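Working notes, structure below.
The values are calculated or read from the model by the stated rules, or taken from the named source; none is laboratory data. If you're wondering where the values come from, they're calculated on a predicted model, not measured in any experiment. FYI the Cβ positions are ideal-geometry reconstructions off the backbone, even for glycines, and counts take in every protein chain you see. Only protein heavy atoms, including side chains, enter the accessible area calculation; ligands, DNA and RNA are left aside. Shrake-Rupley method; radii C 1.70, N 1.55, O 1.52, S 1.80 Å.
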Amino acid sequence: MNSVILIGRLTRKPELRYSNSGNQTAIARFSLAVDRPFSRDQEKTADFINIVVFGKQAENCERYLDKGRQVAVQGRIQTGSYKTQTGETRYTTDVVADRVEFLSGGDRSGAPAGGGQYGGQSYGGGSQYGGSDNGAKSGGSDYSGIPEGFQSVSDDDIPF
């Protein structure tokens, strides 16, 4: 079984490219800083893990993620190698993501990445949804960042 689940913060904005094949698949790459467990005697350290995402999910990562943003990644480990121009062999280890969940904003306060540029609303322990910030109110809500076609709900309306 080859399965990985990571939670960490982006070390840089994802880089988006498209494959040269006929279908032009989107490919996003970014690095994730994942804290290592530590004891009181040790200094806090992190592992820096390379992540690769494909397709529409790659485009969403490039659009909505930024440096410092906390995400959860589920996927598999993939190793590879390539030769440099000098003939030296380099080995790589990446996590190929099947799923990326946006957990919090980049400034550690839960605010949307990019200063709210996408008009997103953070919902509890889940993803951040991008909406238009055109000031349109939906469902009588006083929050103008709710995407069109959605409405605000209170905690009393949720059955659990």
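Structure summary
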{"read-out": "Average accessible surface area per residue within segment 1-99, 1.4 Å rolling probe, Å²", "value": "68 Å²"}
{"read-out": "Length-normalised contact order for segment 1-95 - Cα pairs under 8 Å, 6+ apart - percent", "value": "33 percent"}
{"read-out": "Dipole-positive endmost among Ala26, Gly8, Phe48 within segment 1-49 (Cβ charges, Cα centre)", "value": "Ala26"}
{"read-out": "Within the accessible area of segment 1-69 (1.4 Å probe), percent carbon and sulfur", "value": "48 percent"}
